[in-house]
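Structure record follows, encoded as structure tokens.
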Amino acid sequence: MKKYIIQSLRLTGVLLVLLCVIYPLIVAFAGRFSKGNGGGEKISRNGKVVGYVLLGQSFTKPEYFWGRPSAVGYNAAGSAGSNKGPSNPDYLKQISDRIDTLLKYNPGLVRSAIPADMVTASGSGLDPNISEQGAIIQIKRIAAYRKLNERKVAELVVSNTKGPLFGMFGPTTVNVLRLNLALDELKNK
């Protein structure tokens, strides 16, 4: 029995050094070669950081594109989903309220055209992207509120749309922060 205890302690010691010291150092070193040097890819305007590429933000004004709902209010310290299932009455009410809000602010939009990502929160609550369809359904509203040509706003959506990884993995997405910043620049021209 003493033999097994000693072997277990040795294995525990080796794994502690490997997983708690060496592995984190390798990841931190590798992060230095990524965009943002391991601190996240920042988006800056006029020398001021306005957000991060991989962290969603709340946009609620009708003249901006709205992002995916967040179960944690886009709080990166408390990243989580809602843990409410599709049969939960509170969850169903929340989804219904989100649908009603989209229908209220987007004239001519029909319930069946609303993509799921516009009314359901992501697992992390920090999703920075929406589907291309999620951006398209908002074009009329934004053009009307900003007194812009719908075609100009649609072109902006197309220019900020990113296809699937390697052309086949994942959906076509639009980064909401980048799209809204481009929208502000369009108005300033």
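Table for the structure above
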{"quantity": "Hits in the stretch 4-62 (condition: charged (D, E, K, R) and at pLDDT 90 or above)", "calculated": "ARG10, LYS61"}
{"quantity": "Options PHE59, PHE33, PHE65, PHE29; residue that is in a loop (DSSP other than H, G, I, E, B) and more than 18 Å from the chain's Cα centre (by Cα)", "calculated": "PHE33"}
{"quantity": "Residue match in the stretch 85-103 (condition: of a type outside the set (A, V, I, L, M) and in contact with a Pro (Cβ under 7 Å, 6 or more places away or on another chain))", "calculated": "yes"}
{"quantity": "Condition broken by ARG178, with the remaining ones in (1) touching a helix residue (DSSP H, G or I) at 6+ places or on another chain (Cβ under 6 Å); (2) assigned to a helix (DSSP H, G or I); (3) within 21 Å of ARG45 (Cα to Cα) satisfied", "calculated": "(1)"}
{"quantity": "Only listed residue being farther than 19 Å from LEU183 by Cβ and touching a residue at least 40 places away in the same chain (Cβ under 8 Å), chosen from ALA80, ALA30, ALA113", "calculated": "ALA80"}
{"quantity": "The stretch 111-152, residues that are more than 24 Å from TYR74 (Cα to Cα) and either assigned to a helix (DSSP H, G or I) or modelled with pLDDT of 95 or more (or both)", "calculated": "ARG111, SER112, ALA113, LYS140, ALA143, ALA144, TYR145, ARG146, GLU150, ARG151, LYS152"}
{"quantity": "Test: residue in the stretch 1-18 that is on the phi < 0 side of the Ramachandran plot, aromatic (Phe, Trp, Tyr) and over 19 Å from the mean Cα position of the chain (by Cα)", "calculated": "yes"}
{"quantity": "Residues of the stretch 83-110 satisfying the condition of being surrounded by 15 or more Cβ atoms within 10 Å (Cβ to Cβ) and farther than 23 Å from ASN180 by Cβ", "calculated": "LYS84, TYR91, GLN94, ILE95"}
{"quantity": "Identity of the residue in the stretch 36-56, hydrophobic (A, V, I, L, M, F, W, C) and assigned to a strand (DSSP E or B), that ends up surrounded by the most Cβ atoms within 10 Å (Cβ to Cβ)", "calculated": "ILE43"}
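The values are calculated or read from the model by the stated rules, or taken from the named source; none is laboratory data. Computed from a prediction, not measured in an experiment: that's the story for all the values here. Glycine gets a Cβ as well: all are built from the backbone with ideal geometry, and neighbour counts include every protein chain shown.
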